[in-house]
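Asker: I have a structure I would like to understand better, so I am pasting it below and will then ask my questions one at a time.
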């Protein structure tokens with residue numbers, strides 16, 4: 001229930017005070033949504049005080065001004081995201097809460113900076129080259145791609161991304177030790193890759209991964225992640241995990 005003050009004019013006379021009292025009483029008798037309280041904007045004169053005393057009516061509350069108070073302002077609940085969150089997670093927070101700005105905080109909730117919709121969009125549009133410069137938590141990759149780690153050998157990935165969209169010999173020539181390979185249900189490519197020094201194998205489209213591939217991954221220390229997305233979407237989404245939100249926006253936060 002809200003409180004509503006009923007006021008007369010400044011330097012109130014008997015008419016102003018009595019009208020506020022009477023109208024407040026009428027509104028309280030006819031409505032249940034609000035609590036109407038008579039008030040005044042200044043001191044009452046002797047005549048008005050006599051009338052109130054005669055009828056035993058208390059003097060209305062004095063309100064010195066009707067400027068907006070801090071308590072009158074409705075503050076939005078802040079949307080916070082941890083500094084180690086991925087760009088994808090931050091983007092989803094903005095969409096979920098329909099805001100244009102989110103707060104970046106540390107583990108204790110301490111404010112570190114702001115990330116705007118424009119800041120995140122700018123990073124999204126960067127070139128995907130140079131992925132190997134960043135240390136990417138494998139758990140972020142699994143979470144962003146809604147995947148399942150069938151073999152987990154690494155906590156952090158540092159390397160380049162290779163997409164198996166070419167012939168076997170071309171793929172083999174491009175793979176370098178420590179790379180991440182994204183491939184569909186091409187068992188021959190998967191098996192070749194885990195034996196060629198890659199660190200992470202992402203199998204797209206959600207197919208079952210052959211036991212031969214999983215066994216080879218165990219032996220060679222390769223993390224295998226099964227994801228439901230197709231290769232195009234997997235490549236697009238994994239770029240948002242290249243580094244944490246806070247690291248991405250160091251140049252644009254406050």
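The values are calculated or read from the model by the stated rules, or taken from the named source; none is laboratory data. Just so you know, these numbers come straight off a predicted model, no measurement behind them. Cβ: placed from backbone, ideal geometry, glycine included. Neighbour counts: every protein chain shown.
Asker: Which numbered condition in (1) part of a helix (DSSP H, G or I); (2) surrounded by 14 or more Cβ atoms within 10 Å (Cβ to Cβ) is the only one that residue 53 fails?
Answerer: (2)
Asker: Follow-up. Name the residue, out of 79, 105, 66, that is farther than 22 Å from residue 237 by Cβ, outside the structural domain of residue 8 (by TED's automatic domain parsing) and in contact with a strand residue (DSSP E or B) (Cβ under 9 Å, 6 or more places away or on another chain).
Answerer: The conditions single out 105.
Asker: Counting residues that are touching a helix residue (DSSP H, G or I) at 6+ places or on another chain (Cβ under 9 Å) and farther than 21 Å from residue 236 by Cβ, which strands (runs of 3 or more DSSP E) fully inside the range 131-189 reach at least 1?
Answerer: Fully inside the range 131-189 and qualifying: 148-151.
Asker: Follow-up question, since we're still on this one. Return yes when residue 193 is in contact with a strand residue (DSSP E or B) (Cβ under 6 Å, 6 or more places away or on another chain), modelled with pLDDT of 85 or more and surrounded by 14 or more Cβ atoms within 10 Å (Cβ to Cβ) and no when it is not.
Answerer: Yes.
Asker: So residue 90 fits all but one of (1) more than 15 Å from residue 4 (Cβ to Cβ); (2) free of Cβ contacts under 8 Å to residues at least 40 places away in the same chain; what number is the exception?
Answerer: Unmet condition: (2).
Asker: Based on what the data block shows, is residue 152 modelled with pLDDT of 85 or more and farther than 19 Å from residue 87 by Cβ?
Answerer: Taking the combined requirement at face value, the residue satisfies it.
Asker: Looking at the range 7-50, which of the residues that are touching a helix residue (DSSP H, G or I) at 6+ places or on another chain (Cβ under 8 Å) and part of a helix (DSSP H, G or I) is surrounded by the most Cβ atoms within 10 Å (Cβ to Cβ)?
Answerer: My answer is 17.
Asker: May I ask you to verify whether residue 217 is buried (at least 16 other Cβ atoms within 10 Å of the Cβ) and in a helix (DSSP H, G or I)?
Answerer: yes
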